[in-house]
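Working notes for the structure below.
Every read-out reported here was derived from the displayed coordinates using simple, explicitly stated rules and does not represent laboratory data. Just so it is clear, the structure is predicted and the values come from calculations on it, not from any experiment. Backbone-built Cβ (ideal geometry, glycine too); neighbour counts: all protein chains shown.
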Amino acid sequence: MKNHYTTYVVAILFAFTFFISSCSKDPAASIVPASTTYTLLNSNGFLAFEDQVAFQAYVEKFQKNPSDPGIMRDIQFLESQSTELRKLDTLTLSQMAETGDLTGFEHLLKLVGDGEEKSLQPLVDDTILSRLISKDGLIQIGELVYQVSSTKVFQIRIVDFELNKATFLAFPEKVTQATAYKSQAVNAIKPTNAVKMQNRVESNSVTYENPGQGTCRFTAEVYLLDLGFYRKLAVRVKHEWRQRFWFSYYWGNSSAAMSMEGDINFLEYYTPFTKHYSASTNDDYKIETVIDETYNYVPLNWATNVGTAICRGRNGLYYSLTI
């Protein structure tokens, strides 16, 4: 259901928890395996993993236990996407959504959509990854440094990054040693050749009126995030309400009891299979359930999704969506 108000939409998906502990610093460009006793944070200000396997194992460990002592040590001094976004107050976010001016925040936020559907969103819209990528959008895996932008992911060897740091941070497309990863457009993908599908999203939403709070919105979606070095398919729900800023409105997060359950159908190497998902919460604005993670080396054709999401609105009524 589309929003018919002529406004900008702020849909910042914050669901982050931060940790405090002590840590020791490692040498500038060292690459430290996740299994050692040393922190992964280097003097460039971003995390460095030994290789793709170490990165994948670390992400899986993070998903299972975010309070792991080793993880707390590794990220406590990292100025990440999530920590920087938490510093932005509602007024600042509203002004950026109103004016469209992201100067100074290009590595943290992006504007998506047009007209009534325009919204301000985190550049790294993933709760785990946003805590592992630096405030400048950087992370190192093996000998490559990756920078996430609003449309592409740039990669450069660590030795070339050290020689071109300032230019790469500001204008990565101007560094000859850097290359860009960008998935194919969804409409250009054939069912038998679906290795890359960037940010495909299927969603459904419903709005309702809550006396004393105004208009609220419940959204359920299944989406594929593809950054080259990080790729996953997930489902999530969120609850928002319209807040006023000067003479316009924006969508802000609002808590609500929600649940979702369904099946996603795949076609991999011409073999169909199904993944089931189920999650619920008593009072939260978002649930995220990872269905599959491929890290860009397993061809994945997401064929269809059949699911239901339910929200107990702030007005006490229940709302159901199919996705």
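For the stretch 225-236, in order, what is each residue's ³J(HN,Hα) by Karplus, 6.51 cos²θ - 1.76 cosθ + 1.60 with θ = phi - 60°, in whole Hz (x at glycine and Pro)?
9, 10, 10, x, 8, 9, 9, 7, 10, 8, 10, 7
Arrange Trp241, Trp251 by Cβ neighbour counts within 10 Å, fewest through most, would you?
Fewest to most other Cβ atoms nearby, the residues stand as Trp241, Trp251.
How much FRET efficiency would the formula 1/(1 + (r/R0)^6) give for Ser278 and Glu60, where r is the Cβ-Cβ distance and R0 is 22 Å, rounded to 0.05?
0.65
Loop-only check: which trypsin sites (Lys or Arg not before Pro) in the stretch 41-137 are DSSP coil with at most 12 other Cβ within 10 angstrom?
When the trypsin sites (Lys or Arg not before Pro) of the stretch 41-137 are filtered for loop state and at most 12 Cβ neighbours within 10 Å, Lys87 remain.
Once the piece of chain linking Thr151 and Arg86 is laid out straight, how much longer is it, given 0.36 nm per residue of separation minus the C-alpha distance between them?
This chain segment gains 21.1 nm when fully extended.
In cubic angstrom, how much convex hull volume per residue do the alpha carbon atoms of the stretch 97-180 span?
For the stretch 97-180, the hull spanned by Cα atoms encloses 100 Å³ per residue.
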